[in-house]
């Protein structure tokens with residue numbers, strides 16, 4: 001691949017000035033071990049760092065796999081054109097001054113995009129730190145150092161943050177197959193680079209720092225496929241923005257800007273890092289350790305307090321500390337001093353030398369009840385930290401399929417030992433809680449079987465739905481069209497009809513059958529209860545007549561600008577367990593589908609789960625199981641379980657409705673009444689918009 005492993009590189013814009021970026025990049029290539037051909041380019045010619053400088057790209061007397069452009073923005077497109085004519089297939093544009101600078105930058109960026117597309121070139125940048133391939137000692141960037149070679153591909157939307165990661169890599173045992181600064185993503189975005197990393201044989205783990213995703217559905221599809229073979233870790237910047245200001249439903253209010261990223265990660269099995277430290281911890285651990293096949297682990301420690309903290313953390317992370325099997329426990333007990341504990345956590349005592357640690361770790365490795373371990377060390381005066389570190393490295397090489405991490409706590413007393421661990425692939429943490437959290441993430445993600453939805457996309461149905469939206473305008477869809485849409489998708493909804501007069505309301509109530517609920521019917525009134533627009537459980541004609549008059553009066557007084565069509569008379573159902581199901585058009589991912597606790601508790605508890613639509617019933621079931629209110633669905637305090645399978649099917653159909661109808665901006669079914677055998681939508685809002 002000419003982009004990742006070029007055999008020849010042209011650096012366009014080199015300089016004899018040691019302070020210039022072009023000089024730094026050339027120096028990195030010349031002095032850090034790159035064995036391919038290097039072609040410096042500058043119109044002045046001459047020689048820099050012992051290399052002949054060519055006056056132009058066309059003057060280079062050999063083929064070029066990668067061109068690195070470090071010149072003013074206004075010159076870049078002409079040079080890219082020259083590279084295309086030369087037959088160069090890969091470009092890394094370091095130059096800034098494009099879209100991020102405003103002014104003419106956006107136009108120059110669009111011109112660059114057209115140029116690289118015309119010549120079918122791969123492009124990194126512009127406004128990029130560059131690309132590093134440690135395995136071939138290629139540092140085509142202006143980062144100072146070449147990180148250790150390994151199996152982690154690190155893609156960063158921030159060049160400066162990526163530079164900081166590279167600077168820390170060797171000190172924390174992070175070994176890279178690739179570093180790439182994405183830059184402005186003119187012709188290649190994170191999905192393109194993710195796909196290339198998926199094909200790269202040197203890469204086993206992919207780390208992404210992203211501030212935005214250009215094409216959410218494509219990214220999700222690629223991540224699902226690539227994630228089956230390689231773990232993907234995401235650190236996402238820009239997640240604290242306030243919720244959507246234009247949201248007109250509970251669904252919109254609950255979905256803040258981060259919901260799409262959470263949904264993508266959940267569906268693709270991407271591990272989400274919550275901090276830069278956790279991001280680096282995940283990258284180095286997942287690249288160095290085999291999978292944790294179960295939740296059963298051992299904790300080995302020379303101090304009681306850290307062992308207790310580790311046990312607490314294990315419970316929080318869903319890991320268990322089972323007892324050793326009797327034979328192995330007895331053998332270990334006979335080796336350790338009487339005061340030592342062979343219960344899990346295994347306490348080898350404060351005066352432990354390397355031999356006690358070794359016997360305890362071997363016991364865990366050989367025990368069929370144990371699938372992973374954490375080795376904790378506190379630097380007491382008699383503790384040979386360096387020897388214990390060397391022993392752990394030896395055990396790792398002897399038992400490569402057994403995952404374990406270390407936690408050498410302290411400072412100067414363990415510094416040399418930690419360096420040994422990091423150099424040889426034993427991941428060390430400074431505290432038991434961090435070690436336990438990352439160890440838990442070594443468990444492979446659960447993946448949904450790629451079965452087709454029971455409800456397949458139906459173009460005829462989508463066309464019928466589109467007819468219902470004709471001349472409806474933007475905003476809330478009226479009750480009549482909403483009911484027809486729900487009927488088209490087989491979604492259960494109580495019998496209802498809009499009345500224009502009190503007499504008509506009574507007649508409709510008598511046709512439906514008492515009891516009934518009355519609700520204001522207006523496209524401009526989204527939250528009916530807030531203006532006194534809902535009266536429930538009406539059992540007589542007189543109550544219906546009175547409710548009609550009350551609702552119309554409240555609408556006139558409290559929402560005088562709203563156009564009111566009348567009052568909706570709806571079949572009243574017995575009380576039950578109220579949930580919410582909705583959908584929202586997201587600029588990153590397309591439509592998101594949501595399920596959660598509904599009714600009056602919707603915004604109080606914000607117990608929701610999101611996925612990118614459409615989802616299968618099995619995926620929807622996983623959404624429901626993620627809720628805090630899952631126990632309510634399973635049945636609490638002796639009550640039978642609710643209709644969970646029917647609820648999952650319902651969520652799946654709602655996701656398909658959203659996916660088939662691009663005209664829909666928001667769907668809000670709240671509450672959805674879920675019973676033991678069936679469920680019904682009690683209130684439905686469909687909002688049309690772009």
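The values are calculated or read from the model by the stated rules, or taken from the named source; none is laboratory data. Source: prediction; values computed, not measured. Every residue, glycine among them, receives a Cβ derived from its backbone with ideal geometry; neighbour counts consider all protein chains shown.
Tabulated data for the structure shown
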read-out: Enumeration of residues in region 194-215 that are touching a residue at least 60 places away in the same chain (Cβ under 8 Å) and buried (at least 21 other Cβ atoms within 10 Å of the Cβ); value: 205, 207, 209, 213
read-out: So residue 652, is it farther than 30 Å from residue 510 by Cβ, modelled with pLDDT of 90 or more and assigned to a helix (DSSP H, G or I); value: yes
read-out: Selected residue (only one of 202, 229, 195 is at pLDDT 95 or above, over 23 Å from residue 69 (Cα atoms), in a loop (DSSP other than H, G, I, E, B) and more than 16 Å from the chain's Cα centre (by Cα)); value: 202
read-out: Flag if residue 96 is in contact (Cβ under 8 Å) with a residue 12 or more places away in the chain, on the phi > 0 side of the Ramachandran plot and surrounded by fewer than 22 Cβ atoms within 10 Å (Cβ to Cβ); value: no
read-out: Hey, residue 491 under 23 Å from residue 690 (Cβ atoms), crowded, with 17+ Cβ neighbours inside 10 Å, in contact with a strand residue (DSSP E or B) (Cβ under 8 Å, 6 or more places away or on another chain) and in contact (Cβ under 8 Å) with a residue 24 or more places away in the chain or not; value: no
read-out: Test for residue 153: is it closer than 14 Å to residue 287 by Cβ, surrounded by fewer than 19 Cβ atoms within 10 Å (Cβ to Cβ) and at pLDDT 95 or above; value: no
read-out: Residues that are over 43 Å from the mean Cα position of the chain (by Cα), in a strand (DSSP E or B) and surrounded by 14 or more Cβ atoms within 10 Å (Cβ to Cβ), drawn from region 39-55; value: 48, 51, 54
read-out: Failed criterion for residue 163 (all others in (1) without any contact (Cβ under 8 Å) to a residue 60 or more places away in the chain; (2) surrounded by fewer than 24 Cβ atoms within 10 Å (Cβ to Cβ); (3) assigned by TED's automatic domain parsing to the domain that holds residue 25 hold); value: (3)
read-out: Selection from region 56-72 of residues that are in contact with a strand residue (DSSP E or B) (Cβ under 9 Å, 6 or more places away or on another chain) and either part of a loop (DSSP other than H, G, I, E, B) or free of Cβ contacts under 8 Å to residues at least 24 places away in the same chain (or both); value: 56, 57, 59, 60, 61, 62, 63, 64, 65, 70, 71
read-out: Count of region 468-477 residues which are closer than 17 Å to residue 660 by Cα and loosely packed, with under 13 Cβ neighbours inside 10 Å; value: 1
read-out: Check on residue 632, buried (at least 16 other Cβ atoms within 10 Å of the Cβ) and at pLDDT 95 or above; value: no
read-out: Counted residues, region 1-29 - those being touching a helix residue (DSSP H, G or I) at 6+ places or on another chain (Cβ under 7 Å) and part of a strand (DSSP E or B); value: 3
read-out: Whichever residue in region 15-37 is modelled with pLDDT of 95 or more and in contact with a strand residue (DSSP E or B) (Cβ under 6 Å, 6 or more places away or on another chain) and, among such residues, is surrounded by the most Cβ atoms within 10 Å (Cβ to Cβ); value: 26
read-out: Candidates 306, 322, filtered to the one that is part of a loop (DSSP other than H, G, I, E, B) and either in the same structural domain as residue 379 (by TED's automatic domain parsing) or buried (at least 21 other Cβ atoms within 10 Å of the Cβ) (or both); value: 322
read-out: Count - residues of region 146-164 that are closer than 20 Å to residue 288 by Cβ and out of contact with any strand residue (DSSP E or B) (no Cβ under 6 Å at 6 or more places or on another chain); value: 2
read-out: Residue pairs meeting the criteria (Cβ under 6 Å; at least 6 apart or on separate chains; first assigned by TED's automatic domain parsing to the domain that holds residue 646, in region 611-623; second surrounded by fewer than 24 Cβ atoms within 10 Å (Cβ to Cβ) and part of a strand (DSSP E or B)); value: 623/609
